[in-house]
Protein chains: 2
Amino acid sequence: MPSTAPKAASRPDVADLLCFAIYSTGHAFNRVYKPLLDELGLTYPQYLVMVALWAEDDQTVGQIGDRLFLESSTLTPLLKRLETLGFLTRSRDPEDERQVRLRLTDKGSSLRKKARDVGACIGEATGLQMEAAVKLRNEITKLRGHLMKAAK
Amino acid sequence: MPSTAPKAASRPDVADLLCFAIYSTGHAFNRVYKPLLDELGLTYPQYLVMVALWAEDDQTVGQIGDRLFLESSTLTPLLKRLETLGFLTRSRDPEDERQVRLRLTDKGSSLRKKARDVGACIGEATGLQMEAAVKLRNEITKLRGHLMKAAK
DNA sequence: TGCGATTAGATCGCGCACGATCTATATTCA
DNA sequence: TGAATATAGATCGTGCGCGATCTAATCGCA
């Protein structure tokens, strides 16, 4: 059975698809974030990496990848850009030379303060109360779980 | 106020963010779609354009852009690829030479039959009943409306 | 101990996605 | 009518995002 229902007997359009709602809302989030993150000199994926490191410093590339569901082929160049920007350092773990450890620089840590209002601005832009936002987030996260199980 | 709530007094992580739920679920959808669309020779954005044209043939680049919320800088190369693949034709409208009209070829039209089960497979992968999927889609679409208003 | 298998990142090619800018056509209205 | 303006796409540069592949380090186990 289809994931969404067309309004009438006509052919389904993109607007009927749940996947398109997700897809286009992701872009919409990006457009709201852009001017805010431009102030910080970050792109949205870079911002996510910084949030992950602000939550817990000194993680490996693999750990960040697990949290953000991204491959090393995506992360490596992104992390090099963050390193060039001076927000973090990348260095091989002496205990296991295969791993690369990511550590915030002072500049990277202090950026957190400047990023304070970003979350607030985004929260406002959603037009949702905190409770509704949490509820929606949980439903979408559950959906993601199903999809990831389906994709093996 | 923040759009999401951290579980405790610790620093918020990416998993707490509504935007990240959307972002990562979009990727998860893509991973489920990939093997199905590979059969058709389409990428996911290309598939969306085809869905839009199956719903209504002979649209302009601008109309497709309005429906998918994409810029011409994204669509022009994508549409050229669909043209090269033989699924549609691009031609200037004689009534208004600024516009480019997109028309399905026979190959493009008949692809619709082959794409029939894709929707069903995706529906299953969501783990949602039709009703729940529609409800969630509507909530996310509403969220997109708020975000787009905020991004002016 | 040493060799095959596994793991962690890095590299490469391709296709989005967008902002900035350019060209060509169409519209407006002085 | 003709010059200023507006509109529709196209082009270009940058940064994801991923599959496929590569390299180097570690592990497993005979």
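Could you please let me know if residue A:49 is of a type in the set (Val, Ile, Thr), in contact (Cβ under 8 Å) with a residue 24 or more places away in the chain and either within 16 Å of DNA strand C (Cβ to nearest atom) or open to solvent by 50 Å² or more (accessible area, probe 1.4 Å) (or both)? It is true that residue A:49 is of a type in the set (Val, Ile, Thr), in contact (Cβ under 8 Å) with a residue 24 or more places away in the chain and either within 16 Å of DNA strand C (Cβ to nearest atom) or open to solvent by 50 Å² or more (accessible area, probe 1.4 Å) (or both).
Within the stretch A:81-109, residues that are closer than 12 Å to residue A:57 by Cα and small (Gly, Ala, Ser) sit with their Cβ atoms under 6 Å from residues that are more than 13 Å from DNA strand C (Cβ to nearest atom) and open to solvent by less than 100 Å² (accessible area, probe 1.4 Å), at 6+ positions apart or across chains, in these pairs: A:108/A:87.
Residues that are aromatic (Phe, Trp, Tyr) and either more than 16 Å from DNA strand D (Cβ to nearest atom) or modelled with pLDDT under 95 (or both) within the stretch B:17-58 comprise just one, B:54. Of the helices (runs of 4 or more DSSP H) lying entirely inside the stretch A:69-135, those carrying at least 2 residues that are closer than 17 Å to residue A:47 by Cα and within 16 Å of DNA strand D (Cβ to nearest atom) are A:72-84, A:106-114. When the stretch B:112-133 is filtered for residues that are within 7 Å of chain A (Cβ to nearest Cβ) and surrounded by fewer than 17 Cβ atoms within 10 Å (Cβ to Cβ), the ones remaining, listed by number, are B:120, B:127, B:130.
Going by what's in this entry, would residue A:38 be described as more than 17 Å from the chain's Cα centre (by Cα), more than 22 Å from residue B:28 (Cβ to Cβ) and surrounded by fewer than 17 Cβ atoms within 10 Å (Cβ to Cβ)?
Here the answer is no, as residue A:38 does not meet what is asked.
Residues that are facing chain B (nearest Cβ under 9 Å) and open to solvent by less than 50 Å² (accessible area, probe 1.4 Å) are absent from the stretch A:99-111.
Specify which of the listed residues (A:14, A:61) is within 16 Å of DNA strand D (Cβ to nearest atom) and modelled with pLDDT of 95 or more. Going through A:14, A:61 in turn, the sole match is A:61. Take the stretch A:62-88 and flag every residue that is closer than 21 Å to residue B:11 by Cα and open to solvent by 30 Å² or more (accessible area, probe 1.4 Å). Passing the criteria: A:62, A:63, A:66, A:67, A:69.
The values are calculated or read from the model by the stated rules, or taken from the named source; none is laboratory data. Predicted model only: the values in this text are computed from it and were never measured. When we count neighbours, we look across all protein chains shown, and the Cβ atoms used for this are built from the backbone with ideal geometry, even at glycine. To get the accessible areas, we keep the full protein, side chains included, count just its heavy atoms, and leave off ligands, DNA and RNA. Shrake-Rupley method; radii C 1.70, N 1.55, O 1.52, S 1.80 Å.
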